[in-house]
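The values are calculated or read from the model by the stated rules, or taken from the named source; none is laboratory data. All values reported here derive from a predicted model rather than from experimental measurement. A quick note on method: Cβ atoms are made from the backbone with ideal geometry, for glycine too, and the neighbour counts reach across all protein chains shown.
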Amino acid sequence: MTEFRLTQISDTHLARRLPKLTANFEAISDHIDARRPDLVVNTGDLAFDAPTAPDDLAFARSLHEALPVPCRCLPGNHDIGDNPTEHGPLPQKPVNETARESFIAAFGCDRWRFDAAGWCFIGLNSLVMNSGLASEAEQFDWLASELAAASGKPVALFLHKPVFLNTPADPELAASAIRFVPPPARRRLIAALQAADIRLIASGHVHQRRDFTFGHTRHIWAPSAGFIISDARQDRVGIKETGLVEYRFQGDGFEVRHVRAPGQIDVDLDELLGAAS
Ligand SMILES: [Fe+2]
Ligand SMILES: [Fe+2]
């Protein structure tokens, strides 16, 4: 039986001026070289902060191109800007089509679908959700057609922001609104996913490792490959550590391994903010 081995990395936050994050990327690159999965997926925030420092995206691109196996990337809020929420304040750097096009120019696309080992894999741009941009509506139309084309295969979904904290009914709270896909787009996304057999939703963004199941869908929050955020800045929901996630898809099932690459360091965001300014 064929199997498909996928390594998820996330929130690499690369910048030439932040060598500790480059060192963490080199640690995961060496680990990937040793493990040789079929594919690496980066679920966003490839760049430290491209909306204020566009070179960060170019630097992230150069390092991802050097990975020893194929790689598919999805945008994060620090790559293309953030999405408006229902109850939180307006983002300082809102997502826009120009930033989205810059990401596509660097990484080829901002959403994708492919099939392997009897599974359907879909990657989404979660930042255009709730934005009102033309690409938001286009992506929802595209998603509906791709889910229909999955024809009952199990589906693994990848996107930057988690869809919700614990359940689809969780309300959006102003204090944590930026953490999840914002309503009403969240409700639209959850409704669209009902059309398919969604077994896995893999996200990043929170910089905390988490693994839980709701219904028959397993939700994996990949930790940041680059840095952790202190409790003073962010409440603790899962495990605060740098690392990555390894998946093995085969037939009707899949396995998950929570991994830290040898040499990965728990760099703290506070260290970086001093170095980045
Ligand atoms: Fe991030
Ligand atoms: Fe993020």
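Here is the figure for segment 182-207: residues that are within 12 Å of ligand 2 (Cβ to nearest atom) and assigned to a loop (DSSP other than H, G, I, E, B) total 4. Scanning segment 57-67 for residues that are closer than 20 Å to residue 178 by Cα, modelled with pLDDT of 95 or more, small (Gly, Ala, Ser) and within 15 Å of ligand 1 (Cβ to nearest atom) turns up nothing.
Taken across segment 52-66, residues that are within 18 Å of residue 228 (Cβ to Cβ) and among the aromatic types (Phe, Trp, Tyr) do not occur at all. Quickly run through segment 119-140 and pick out the residues that are part of a strand (DSSP E or B) and touching a Pro at 6+ places or on another chain (Cβ under 9 Å). Result: 119, 120. Residues that are buried (at least 21 other Cβ atoms within 10 Å of the Cβ) and not in a strand (DSSP E or B) within segment 147-162 comprise 147, 159, 160, 161, 162, listed in sequence order. Scanning segment 163-172 for residues being over 17 Å from the mean Cα position of the chain (by Cα) and either under 18 Å from residue 203 (Cβ atoms) or assigned to a helix (DSSP H, G or I) (or both) gives a total of 5. Listed by first and then second residue, the pairs with beta-carbon distance under 7 Å, at least 6 apart or on different chains, first residue in segment 210-235 and touching a residue at least 12 places away in the same chain (Cβ under 8 Å) and on the phi < 0 side of the Ramachandran plot, second part of a loop (DSSP other than H, G, I, E, B) and of a type in the set (Asp, Glu), are 223/241; 224/11; 225/11; 226/11; 228/241; 228/266. For segment 12-28, a residue qualifies if it is surrounded by fewer than 20 Cβ atoms within 10 Å (Cβ to Cβ) and either hydroxyl-bearing (Ser, Thr, Tyr) or not in a loop (DSSP other than H, G, I, E, B) (or both), and the qualifying residues are 19, 20, 22, 23, 26, 27. Counting only strands (runs of 3 or more DSSP E) that fall entirely inside segment 30-118 and contain at least 3 residues that are over 15 Å from the mean Cα position of the chain (by Cα) and more than 20 Å from residue 261 (Cα to Cα), the qualifying elements are 112-116.
Screening 58, 50, 66 for residues that are within 15 Å of residue 12 (Cα to Cα), among the small types (Gly, Ala, Ser) and buried (at least 21 other Cβ atoms within 10 Å of the Cβ) leaves exactly one candidate, 50. Test residue 143 against the criterion of being in contact with a helix residue (DSSP H, G or I) (Cβ under 8 Å, 6 or more places away or on another chain) and either without any contact (Cβ under 8 Å) to a residue 60 or more places away in the chain or under 28 Å from residue 25 (Cβ atoms) (or both), and give yes or no. When the stated conditions are applied, residue 143 passes them. Could you check, for segment 262-274, whether at least one of its residues is surrounded by 13 or more Cβ atoms within 10 Å (Cβ to Cβ), in contact with a strand residue (DSSP E or B) (Cβ under 7 Å, 6 or more places away or on another chain) and either small (Gly, Ala, Ser) or within 22 Å of residue 122 (Cβ to Cβ) (or both)? No, segment 262-274 contains no residue that is surrounded by 13 or more Cβ atoms within 10 Å (Cβ to Cβ), in contact with a strand residue (DSSP E or B) (Cβ under 7 Å, 6 or more places away or on another chain) and either small (Gly, Ala, Ser) or within 22 Å of residue 122 (Cβ to Cβ) (or both). Within the group 103, 114, 107, which residue is without any contact (Cβ under 8 Å) to a residue 60 or more places away in the chain, over 20 Å from residue 207 (Cα atoms), touching a strand residue (DSSP E or B) at 6+ places or on another chain (Cβ under 6 Å) and among the aromatic types (Phe, Trp, Tyr)? Result: 114 is the single residue among 103, 114, 107 that is without any contact (Cβ under 8 Å) to a residue 60 or more places away in the chain, over 20 Å from residue 207 (Cα atoms), touching a strand residue (DSSP E or B) at 6+ places or on another chain (Cβ under 6 Å) and among the aromatic types (Phe, Trp, Tyr). Test residue 47 against the stated conditions and say whether it is within 16 Å of ligand 1 (Cβ to nearest atom) and either polar (S, T, N, Q) or touching a helix residue (DSSP H, G or I) at 6+ places or on another chain (Cβ under 7 Å) (or both). Yes: the conditions hold for residue 47. Within segment 264-277, residues that are modelled with pLDDT of 90 or more reach partners that are part of a loop (DSSP other than H, G, I, E, B) and loosely packed, with under 13 Cβ neighbours inside 10 Å with beta carbons closer than 8 Å, at six or more positions or on different chains, in the pairs 268/230; 269/230; 269/233; 270/230; 270/233.
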